[in-house]
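Structure first, commentary second.
The values are calculated or read from the model by the stated rules, or taken from the named source; none is laboratory data. Predicted, not measured: the structure shown is a model, and the values here were computed from it. When we count neighbours, we look across all protein chains shown, and the Cβ atoms used for this are built from the backbone with ideal geometry, even at glycine.
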Amino acid sequence: MRNLFIGLTLSAAALLAAGSAAALEVPPRKPGLWEMTMVFEGRNVPPHVSHHCVDAETDKLMSSFGNAATRDMCPKMDTQKVGDTYVVDSVCKMGPSTNTTHAVITGDFNSGYSVKLTSATTGGPNLPGARPDGKTEMTMEARFTGACKPDQKPGDIIMSNGIKMNIRDIQKVQTLVPGTAPKQ
């Protein structure tokens, strides 16, 4: 379950980077501490809260992580801006599974934004706690809370279970997984 939350947190962050994979980019987040709460509808998974300490550099690193993770496995990644809203549609192949996702991002990247995501997975095994029909509905609320805490450095992500990781460390691990390292 812990790995599921880590993956979901990174996936949500990568979703924000999805605009970079397409022709349109989602704006960078304001530097500082962001609280992100993910709530899943119809799943036996409690809300997940994480705290992201970002600066301009680590926000870009998060984007490159998202781009690298989706570049080879997502033949469709379209981002459109409709007024102040970003709409991301993707189709990704992950092993034997195909995931089709529609996300709507509203708000601003200085004080708070919301991501409403619906996805359907076909083929492959069901994730623990997932609905049997392979559908997922998730809402992520992100709010800027101010400066990062004294024990945090830019790139730190602190999960609700206390696990702390840094985007730079995650990128080091990427080099071990073929096809996921960012291209220079």
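Being assigned to a loop (DSSP other than H, G, I, E, B) and closer than 18 Å to Pro28 by Cβ is the filter here, so list the residues in the range 154-166 that pass it.
Pro154, Gly155
Could you tell me which residue of the range 113-148 is modelled with the lowest pLDDT, considering only residues that are within 29 Å of Lys30 (Cα to Cα), surrounded by fewer than 16 Cβ atoms within 10 Å (Cβ to Cβ) and not polar (S, T, N, Q)?
If we take residues in the range 113-148 being within 29 Å of Lys30 (Cα to Cα), surrounded by fewer than 16 Cβ atoms within 10 Å (Cβ to Cβ) and not polar (S, T, N, Q), then Glu137 is modelled with the lowest pLDDT.
Of the residues that sit in the range 80-112 and are closer than 23 Å to Val39 by Cβ and touching a helix residue (DSSP H, G or I) at 6+ places or on another chain (Cβ under 9 Å), which one is surrounded by the fewest Cβ atoms within 10 Å (Cβ to Cβ)?
Per the stated criteria, the residue is Phe109.
Take Gly124 and tell me if it is touching a Ser or Thr at 6+ places or on another chain (Cβ under 6 Å) and in a loop (DSSP other than H, G, I, E, B).
Yes, satisfied.
For the range 149-180, what are the residues that are polar (S, T, N, Q) and modelled with pLDDT of 90 or more?
Gln152, Asn166
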